[in-house]
Amino acid sequence: MICSFSYSFNHNRQEAIFAFNAERSGEEKANQVSARAGQSEHQTGLAMDVTSPSVNFQLSTAFGQTKEGSMD
(Lines give C-alpha, C1' and ligand atoms only; values in the text may rest on other atoms or scores of the structure.)
Protein backbone atom coordinates (compact mmCIF):
# COMPACT_ATOMS: atom_id res chain seq x y z
CA MET A 1 0.00 0.00 0.00
CA ILE A 2 1.27 3.46 -0.91
CA CYS A 3 -0.27 6.63 0.55
CA SER A 4 0.10 10.24 -0.46
CA PHE A 5 1.78 12.43 2.13
CA SER A 6 2.05 15.94 0.81
CA TYR A 7 1.95 19.46 1.94
CA SER A 8 0.90 22.26 -0.34
CA PHE A 9 2.75 25.43 0.56
CA ASN A 10 1.47 28.88 -0.26
CA HIS A 11 3.78 31.46 -1.84
CA ASN A 12 4.91 33.00 1.45
CA ARG A 13 5.69 29.62 3.04
CA GLN A 14 7.67 28.47 -0.01
CA GLU A 15 9.58 31.76 0.04
CA ALA A 16 10.42 31.23 3.73
CA ILE A 17 11.59 27.64 3.15
CA PHE A 18 13.95 28.71 0.38
CA ALA A 19 15.25 31.66 2.41
CA PHE A 20 15.92 29.39 5.40
CA ASN A 21 17.84 26.90 3.25
CA ALA A 22 19.82 29.70 1.56
CA GLU A 23 20.75 31.28 4.89
CA ARG A 24 21.76 27.95 6.39
CA SER A 25 23.64 26.42 3.44
CA GLY A 26 24.07 29.12 0.80
CA GLU A 27 22.01 29.89 -2.29
CA GLU A 28 23.67 27.28 -4.51
CA LYS A 29 22.83 24.45 -2.08
CA ALA A 30 19.34 25.88 -1.48
CA ASN A 31 18.70 25.63 -5.23
CA GLN A 32 19.54 21.92 -5.03
CA VAL A 33 17.30 21.04 -2.09
CA SER A 34 14.37 23.45 -2.35
CA ALA A 35 12.50 25.56 -4.86
CA ARG A 36 11.93 29.27 -5.05
CA ALA A 37 8.40 30.51 -4.52
CA GLY A 38 6.35 29.94 -7.67
CA GLN A 39 8.69 27.20 -8.94
CA SER A 40 7.85 24.36 -6.55
CA GLU A 41 6.02 21.41 -8.08
CA HIS A 42 4.44 20.81 -4.67
CA GLN A 43 3.20 24.41 -4.66
CA THR A 44 1.62 24.02 -8.10
CA GLY A 45 0.12 20.61 -7.27
CA LEU A 46 2.19 18.73 -9.88
CA ALA A 47 4.05 16.61 -7.33
CA MET A 48 3.33 14.78 -4.12
CA ASP A 49 5.29 12.78 -1.60
CA VAL A 50 4.41 9.16 -0.93
CA THR A 51 4.84 6.92 2.08
CA SER A 52 3.85 3.44 3.24
CA PRO A 53 3.40 1.24 6.31
CA SER A 54 6.97 -0.05 5.81
CA VAL A 55 8.32 3.33 6.96
CA ASN A 56 5.56 3.98 9.52
CA PHE A 57 3.87 6.46 7.16
CA GLN A 58 6.80 8.88 7.51
CA LEU A 59 8.72 10.69 4.82
CA SER A 60 11.99 8.83 4.57
CA THR A 61 14.87 8.40 2.17
CA ALA A 62 14.63 4.71 3.10
CA PHE A 63 11.35 4.47 1.16
CA GLY A 64 13.26 3.42 -1.98
CA GLN A 65 14.51 0.33 -0.17
CA THR A 66 11.03 -0.81 0.88
CA LYS A 67 8.87 -3.30 -0.99
CA GLU A 68 6.53 -0.48 -2.01
CA GLY A 69 9.29 1.89 -3.10
CA SER A 70 11.51 -0.61 -4.87
CA MET A 71 11.78 -0.55 -8.64
CA ASP A 72 12.35 -4.33 -8.67
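The values are calculated or read from the model by the stated rules, or taken from the named source; none is laboratory data. The shown structure was predicted, so the numbers you read here are calculated from the model rather than taken from an experiment. Just so you know, the surface numbers come from the protein's heavy atoms only, side chains and all, with ligands and any DNA or RNA stripped out. Shrake-Rupley method; radii C 1.70, N 1.55, O 1.52, S 1.80 Å.
First compute the accessible area of the chain with a 1.4 Å probe, then give the percent of it belonging to carbon and sulfur atoms.
Working: 2690 of 5410 Å².
It is 50 percent, rounded to a whole number.
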Relative to the longest principal axis of the chain, what angle (0 to 90°, nearest 10) does the C-alpha long axis of helix 11-25 take? 90 degrees
Reduced Cα scattering model of the chain, Debye log10 I(q)/I(0), q = 0.16, 0.20, 0.22, 0.25 Å⁻¹: -0.67, -0.88, -0.94, -1.01
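Want the number for Lys29 to Phe57: 0.36 nm per residue separation, take away the alpha-carbon distance, what's left? Walk me through the intermediate numbers first.
Numbers: separation 28, 0.36 × 28 = 10.08 nm, distance 2.77 nm.
Gain on stretching Lys29 to Phe57: 7.3 nm.
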